[in-house]
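Participant: Below you'll find the structure I mean.
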Amino acid sequence: MRSRNTLRLGALVFASSLVLSGCLGAEQGDDGDGGQSVQIFGGITGTEEAKLVEDAVAEIKEATGVDVEYQPSRDFTTIIRSRVRGGDAPDIALYPQPGLLLDMSSDITPLDDVDVGLDEARETLIPGFLDSATKDGKVYGAPIDQAPKSLVWYPKEPFEKAGYEVPTTHQELLDLTEQIKDDGDTPWCIGIESGPDTGWPATDWLEDYVLRTAGPDAYDQWVNGELKFSSPEITEAAETMGEVMLTEGNVQGGGKAIVNTPFGESSERMFEDPPGCYLHRQASFITSFFPDKVQENLDENAGVFVLPPVEDGFDGTPILGSGNFAALLNSENENAVKVMEYLISDKFGTPRYEAGGILSPHTTFDVEKYPDEVTKEIATQVNEADVFRFDGSDLMPAEVGTGSFWTGMVDWIGGRKDLDAVLSDIDESWPSS
């Protein structure tokens, strides 16, 4: 796993709910019924309430009859490679980066080649999700959760009391931003600081606007390295993003404040009295960073809408998101195949989704089972979206996606370099094939 540990805390359902399962299950190699247990390796190292852990373990055991041992590591990306090279591969690995998954495809069993119900999963998964883990026509992993990112949050009561309305186009979003400024307030709270991972929230902004201005086909070309960062399409998307983030008065303190504000804390001012800002773009998992009093009654305190489309851009509603992909590394273990089939089906995860904080990647999941109206609304909007695309920086080569792309956004937003220079620098960092 790349080091976005804080980001993934609220976004990865399976890993976080199984951290303690090794203590609750049978010893490795015996599932209690004389068969093989299943070892799952992932990058989440925190723990949740014991009840949720027990629920997840019990769910898998009840559904498959197999005991699962979860092994966490803070350095998933490095350790998964070394374990595979050393002949100590886990049965199943959970990849937050489809790009890394595809880099290791030679060590992973294509799901097309085993009986794990791939065709059934393909029918129920949000369209476009499996594309992120597909190479040369073969599917190497499938999502077990999702965190939609194309969301804009607002403090519900103050927003409505001020007479503001949810925008349906980019121009209406700009108009709303100006209206808030005219009222003497700050429109946006934005923070992209994240320790060694500083900059990733800004990459999400650009990815969202590439989808809205250039469209999904151009987005795919860009992610695959076929369309340069310095191309007119990506430059336009960045400029459109900059209209929101970098126009004077839109964010208190401007670009320098944005790069120095921790992403997890950046939404807090929205819930001050009076609000320190009225708009915050971030994924569904940001609710876990909201003040406790807000989380206690999310429906009354927080409103949310999908980042609106851009005029003369893509004709439809795209959703950007992330998720955790399960991949099968040991198809010789029949129980691993059995567990894999359950993990990628629309049956897995109901107790966790009902607890909140994460969504099912399957359109067939009953949205009424989510714990609050906010999550239900997000799920409905995602299911009705015209297209879904996975986080682009997670799909790009590491030199770019978690390297020059992150640092380049910091340099531009913080005022260290102009946009053209930053985009050219990122292009130069793209590894040669």
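Participant: Right, Ile234: closer than 22 Å to Thr402 by Cβ, of a type in the set (Val, Ile, Thr) and out of contact with any His (no Cβ under 9 Å at 6 or more places or on another chain) or not?
Facilitator: yes
Participant: Follow-up question, since we're still on this one. Just need a number here: residues in segment 379-394 that are crowded, with 23+ Cβ neighbours inside 10 Å, in a helix (DSSP H, G or I) and not acidic (Asp, Glu).
Facilitator: The number of residues fulfilling the criteria is 4.
Participant: Another question, if that's okay. Thr47 versus (1) surrounded by 13 or more Cβ atoms within 10 Å (Cβ to Cβ); (2) closer than 25 Å to Tyr353 by Cβ; (3) at pLDDT 75 or above: which is the lone unmet condition?
Facilitator: (3)
Participant: State the number of residues belonging to segment 396-419 that are part of a loop (DSSP other than H, G, I, E, B) and modelled with pLDDT of 95 or more.
Facilitator: Number satisfying all stated conditions: 5.
Participant: If I ask for residues that are in contact (Cβ under 8 Å) with a residue 24 or more places away in the chain, out of contact with any Phe, Trp or Tyr (no Cβ under 7 Å at 6 or more places or on another chain) and over 20 Å from Trp200 (Cβ atoms), which ones from segment 244-253 would you list?
Facilitator: Selection gives Thr247, Gly249, Gln252.
Participant: Report, by residue number, each residue of segment 154-195 that is under 19 Å from Gly264 (Cα atoms) and at pLDDT 95 or above.
Facilitator: Tyr154, Pro155, Thr186, Pro187, Trp188, Cys189, Ile190, Gly191, Ile192, Glu193
Participant: Among the numbered conditions (1) closer than 23 Å to Gln295 by Cα; (2) within 24 Å of the chain's Cα centre (by Cα); (3) part of a loop (DSSP other than H, G, I, E, B), tell me where Tyr164 comes up short.
Facilitator: For Tyr164, the failing item is (2).
For (1) among the hydroxyl-bearing types (Ser, Thr, Tyr); (2) modelled with pLDDT of 85 or more, each residue gets a yes or a no:
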{"position": "Ser3", "(1), (2)": "yes, no"}
{"position": "Leu9", "(1), (2)": "no, no"}
{"position": "Ala26", "(1), (2)": "no, no"}
{"position": "Leu52", "(1), (2)": "no, no"}
{"position": "Gly86", "(1), (2)": "no, yes"}
{"position": "Ala89", "(1), (2)": "no, yes"}
{"position": "Tyr95", "(1), (2)": "yes, yes"}
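Participant: If you don't mind, another one. Counting only residues that are crowded, with 19+ Cβ neighbours inside 10 Å, assigned to a helix (DSSP H, G or I) and more than 20 Å from the chain's Cα centre (by Cα), how many does segment 84-111 have?
Facilitator: The qualifying residues number 1.
Participant: Only one of Phe285, Phe314 is touching a strand residue (DSSP E or B) at 6+ places or on another chain (Cβ under 9 Å), modelled with pLDDT of 95 or more, of a type in the set (Phe, Trp, Tyr) and assigned by TED's automatic domain parsing to the domain that holds Pro201; which?
Facilitator: The unique qualifying residue is Phe314.
Participant: Could you please find all residues in segment 112-153 being under 15 Å from the mean Cα position of the chain (by Cα) and part of a loop (DSSP other than H, G, I, E, B)?
Facilitator: Ile126, Gly128, Phe129, Ile144, Asp145, Lys149, Ser150
Participant: Please state which one of Val387, Val374, Val382, Val400 is outside the structural domain of Gln97 (by TED's automatic domain parsing), over 22 Å from Leu211 (Cβ atoms) and touching a residue at least 24 places away in the same chain (Cβ under 8 Å).
Facilitator: Only one candidate passes the filter, namely Val374.
Participant: In segment 236-261, which residues are out of contact with any Ser or Thr (no Cβ under 7 Å at 6 or more places or on another chain) and open to solvent by 20 Å² or more (accessible area, probe 1.4 Å)?
Facilitator: Residues satisfying the conditions are Glu239, Glu243, Leu246, Thr247, Glu248, Gly249, Gly253, Gly254, Lys256, Ala257, Asn260, Thr261.
Participant: Then there's this: Quick one: in segment 191-207, which of the residues that are open to solvent by less than 10 Å² (accessible area, probe 1.4 Å) and part of a loop (DSSP other than H, G, I, E, B) is farthest from Trp153 (Cα to Cα)?
Facilitator: Asp197
Participant: In segment 112-158, which residue that is of a type in the set (Val, Ile, Thr) and more than 25 Å from Asp366 (Cβ to Cβ) is most open to solvent (accessible area, probe 1.4 Å)?
Facilitator: Among them, the one singled out is Thr134.
Participant: Looking for something over 18 Å from Ile60 (Cβ atoms), assigned by TED's automatic domain parsing to the domain that holds Leu130 and open to solvent by 10 Å² or more (accessible area, probe 1.4 Å) - is there at least one such residue anywhere in segment 342-358?
Facilitator: yes
Participant: A further question follows. In segment 58-78, which residues are farther than 22 Å from Glu334 by Cβ, in contact with a strand residue (DSSP E or B) (Cβ under 8 Å, 6 or more places away or on another chain) and either touching a residue at least 60 places away in the same chain (Cβ under 8 Å) or surrounded by fewer than 16 Cβ atoms within 10 Å (Cβ to Cβ) (or both)?
Facilitator: The answer is Ser73, Phe76.
Participant: Kindly indicate whether any position in segment 365-380 is of a type in the set (Ser, Thr, Tyr) and farther than 30 Å from Glu178 by Cα.
Facilitator: So far as segment 365-380 goes, yes, one or more of its residues are of a type in the set (Ser, Thr, Tyr) and farther than 30 Å from Glu178 by Cα.
The values are calculated or read from the model by the stated rules, or taken from the named source; none is laboratory data. Not measured: the values here are computed from a predicted model. Positions of Cβ are backbone-derived with ideal geometry, glycine not excepted, and every protein chain shown enters the neighbour counts. What goes into the accessible areas is simple: the full protein's heavy atoms, side chains included, and nothing from ligands, DNA or RNA. Shrake-Rupley method; radii C 1.70, N 1.55, O 1.52, S 1.80 Å.
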